[in-house]
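This report refers to the structure that appears directly beneath it.
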Ligand SMILES: Nc1ncnc2c1ncn2[C@@H]1O[C@H](COP(=O)(O)OP(=O)(O)O)[C@@H](O)[C@H]1O
Ligand SMILES: [Mg+2]
């Protein structure tokens, strides 16, 4: 049997009952489409979280209080322990090789007021190095200076969202005085918009000198995070080790497993988040995969019906010289073809769905070549698996019995 | 060309055992026109299926061109059906809702005949069967019974078979159409094709060069001149 004959037979068989073929294909279309859309949502989430984390700053290492080593547990403990100080940060900057800068940070939420307008926002106490360490750029005025920090001056640099909330868009807030927690602060600058992360907006914030937060707002001596910038990505792990050793010494802890802080690079965080989003993606794909299996059963159902309906035809084909292999190949090609068409349309549907999700919900989606290839492979495999049995059934028919079949 | 030796066919179903053919032997030479007659259930179709390599005998030997084909595998039988045998059925067995052309070239598909040669072969065979290529694009279900059977005959001819086997080819046709079909077979026979057909009709048996009569799975008469046949005379007009 020539290949072109095989395809011709397949074409005639599939178009002989267009409605049934169409509905069967639809089952596969929905299956493949939902797998691709779901995976694109999962991977889009992973991608946006990752790029947001990376936007936090180049070669960033964060030191947080708390003894746990894993990301999620640190998140839970953060802020409760009070073991890190500004002096720890200064020690790191002075003593450790390959450290570009250290920006201590103490963040808490307070009410900010300007001329009757209110906003509850994050007050981040930090130092002048924050700009370079966290990859933040100034839009207006100036940032917190070393002098501001040394003298605990009441100056504030607004995030763009906070400026919009307190002053309205396009207003220059520099030189105005706002009240934070009832204390007057002079606005000296505003940062560039940085966009949101999955953890909240990085623009809804007010920066003030860290010493000012400690003395006048929080009344504490510790910091919530030390942001350390290494000079390059190659030295990251070395710097991480040096920080751990230095802080263990400073905190008089001999057993590193009892450390009252944890040191993490962005890579560590990214890795942790990636593993979570990958699990999410697999879960979504598995749910969608169920519909793919249902679609496959639809194929099998159609092929079984077709074989029964065409029993006499199979008998005739055998009577004029068709071999078992000719018959089984013909039915197998038919089912693979059905799933293949379903797969192609399903991919287009999946891409369309992903696009629609992005437009209507604003969620980032990412259709990867990998998921398309997976979908193609899966649909063809389904065609083979679910077509095999009916094809075998057809091929095994005895020509005389088949011709007699009513 | 065909030599059948002591062929027995037993159908074994659940509990009953049907002996369809009992120790049948005969031979047929190239160019013969043989009519097989006999009452219903006597084993004619069973014999035809064995001759057409659609089935194998339970016992005995069947030599086709000197080669014993009674013990061949399924795939080998398929090859013989493809290359040496043309089958015509009582119920035509055309592909439904399919053009005449596609019906005729079906055996060529399995014989790997190149596509550009098919139209020529189909045209010649359809002409031999009494239709013209004008019918190529007609759908099988738009044809009359006689036309359908001619298409089926054309299909049986395309692989240039050694023998044409026809199991009651006129059984579903009126006598006038049946006559035309019979003439078609006679023409083919004149051109040198060996033809074996099963029939119930007297006028067809009378036109055959040789008549074999089967009853209860056994050959009861085998004559070369129908006028000497008691069995043909017994058939009612
Ligand atoms: N597949 C089968 N299974 C069981 N018995 C069969 C089968 N085919 C035919 N028979 C029996 O074999 C006998 C001969 O059948 P058949 O060759 O069709 O007769 P005819 O064609 O002369 O009418 C009948 O008794 C029939 O019932
Ligand atoms: Mg019969």
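Results, tabulated for the structure shown:
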| read-out | value |
| --- | --- |
| Relative contact order computed over segment A:82-259 (Cα-Cα under 8 Å; 6+ residues apart), in percent | 31 percent |
| Potential extension, residue A:235-residue A:356 segment - 0.36 nm per residue separation minus Cα distance | 39.3 nm |
| Residue A:7/residue B:83 FRET efficiency (R0 30 Å; Cβ-Cβ; nearest 0.05) | 0.75 |
| Theoretical gain in end-to-end length, residue B:8 to residue B:234 [0.36 nm per residue, Cα-Cα removed] | 78.7 nm |
| Rounded tilt (10° steps) of A:86-95 against the dominant C-alpha axis of chain A | 80 degrees |
| Anisotropy class of segment A:261-342 from Cα gyration tensor, a/c 1.5 cut | prolate |
| Histogram of C-alpha separations across segment A:351-406, 5 Å bin width, % | 4, 15, 12, 12, 10, 10, 8, 7, 6, 6, 5, 4, 1 |
| FRET efficiency for residue A:221 and residue A:98, using Cβ-Cβ distance with R0 set to 25 Å, rounded to 0.05 | 0.35 |
| Pairwise label distance in nanometres, residue B:203 with residue A:325, each label 7 Å out on the Cα-Cβ vector | 4.8 nm |
| Chain A: relative contact order as a whole-number percent, Cα under 8 Å and 6+ apart | 29 percent |
| Ratio Rg/Rh, restricted to segment A:322-386 and using Cα atoms, in which Rh is the Kirkwood radius | 1.21 |
| Shielding score for A:308-320, defined as the mean number of other chain Cβ atoms within 10 Å | 5 |
| Estimated D of chain B in µm² per second, where Rh is the Kirkwood radius over Cα pairs and Stokes-Einstein applies at 20 °C, 1.002 mPa s | 117 µm²/s |
| Shielding of B:87-100 by partner chains, average beta-carbon count, 10 Å | 3 |
| Whether segment A:108-183 is rounded, prolate or oblate, judged on the alpha carbon gyration tensor where a/c under 1.5 counts as rounded | prolate |
| Highest-MSF residue in chain A out of A:33, A:342, A:219 [GNM, Cα springs under 10 Å] | A:219 |
| With Cα atoms, 0 to 90° folded angle of helix A:3-16 axis to chain A main axis | 90 degrees |
| Percent of Cα-Cα distances greater than 18 Å, calculated over segment B:6-55 | 36 percent |
| Nearest-ten-degree value, helix B:175-190 long axis tilted from longest Cα axis of chain B | 90 degrees |
| Extension gain (nm, one decimal) between residue A:308 and residue A:108, 0.36 nm per residue minus Cα-Cα | 64.7 nm |
| Bins of 10 Å from zero: percent of alpha-carbon pairs in segment A:23-65 | 24, 27, 21, 15, 10, 4 |
| Set of segment B:69-89 residues, backbone N closer than 20 Å to the point 7 Å along the Cα-Cβ line of residue B:27 | B:69-71 |
| Inter-label distance for residue B:73 and residue A:385, nm, one decimal - labels placed 7 Å from Cα along Cα-to-Cβ | 3.0 nm |
| Paired Rg and Dmax values of segment B:35-168, which use every Cα atom, in angstrom | 15.7, 47 |
| Stokes-Einstein D (µm²/s) once Rh is taken as the Kirkwood radius of segment B:138-193 over alpha-carbon pairs, at 4 °C in 1.567 mPa s | 109 µm²/s |
| Distance-filtered residues of segment A:129-160 - backbone nitrogen under 11 Å, label point 7 angstrom along residue A:192 Cα→Cβ | A:135-140 |
| Enclosed volume per residue, in Å³, of the convex hull spanned by Cα atoms of segment A:82-259 | 123 Å³ |
| Whether segment A:216-283 is rounded, prolate or oblate, judged on the alpha carbon gyration tensor where a/c under 1.5 counts as rounded | prolate |
| Label-point separation in nm, residue A:348 to residue B:18, each point 7 Å along Cα→Cβ | 5.3 nm |
| Cα extents of the protein assembly as shown along the three principal axes, largest first (Å) | 136, 54, 42 |
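No value in this document is a laboratory result; all are computed from the given coordinates. Note that this is a predicted model, so its numbers are computed, not measured. All Cβ positions, glycine included, derive from the backbone under ideal geometry; neighbour counts span all protein chains shown.
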